[in-house]
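The values are calculated or read from the model by the stated rules, or taken from the named source; none is laboratory data. Everything numeric here is computed off the predicted structure, so don't read it as measured data. Cβ atoms come from the backbone with ideal geometry, glycine included; neighbour counts cover every protein chain shown. Heads up: the accessible areas ignore ligands, DNA and RNA and are worked out on the full protein's heavy atoms, side chains in. Shrake-Rupley method; radii C 1.70, N 1.55, O 1.52, S 1.80 Å.
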Amino acid sequence: MAARTRDHEPPAAPAFAAVVLAVIALVLGCLVPAESIVRHCVLGAVFGLAALASAWRAISISGRRRAPRAWSWVAVVIAGVGLAMLLYQVLEIVSGGALPRPFWSPYATH
C-alpha cells in the first residue's frame, strides 16, 4: 500500500481567506437593503458559510501552529456574528415587523 501523502497547503492561506470572507459576511449582515433583499441575503449566507468552511479547514490542518488557529477562531466568531445579524434581519422582514428592528439597522425607528 502506498503511504499517505502529507497535505502541503499552508494553514495560513485558508485562515487568511476565512478572515476576509468573515468580514465580508459581517458587512453584509449589518445592513439589508430595501432592494434586492434575496440576493443580498444569499450572498451574505454564502460568504458566511464559506468563511466557516475555510476556518474549519485551517483549524484541521494547522496542527500545533497557534497563529492560524487563532485567526481561524477569530474568523469563526466574526462570521457567526455576521450570520446571526443577517438571520435576525431576515426573520424581522419575513415576520412583517413582528420582531423589533435591530438596533444596528439604519432603518430602525424607535
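What residue, among those in segment 37-48 that are open to solvent by 60 Å² or more (accessible area, probe 1.4 Å) and out of contact with any Leu (no Cβ under 8 Å at 6 or more places or on another chain), is modelled with the highest pLDDT?
By that ranking, first place goes to VAL46.
Starting from segment 91-103, keep only residues that are under 21 Å from ALA45 (Cα atoms) and among the aliphatic types (A, V, I, L, M), then list their pairs with residues that are modelled with pLDDT of 85 or more and open to solvent by less than 50 Å² (accessible area, probe 1.4 Å) whose Cβ atoms are within a distance under 8 Å, requiring at least 6 positions of separation or different chains.
Between residues of segment 91-103 that are under 21 Å from ALA45 (Cα atoms) and among the aliphatic types (A, V, I, L, M) and residues that are modelled with pLDDT of 85 or more and open to solvent by less than 50 Å² (accessible area, probe 1.4 Å), the close pairs are LEU99/GLU92.
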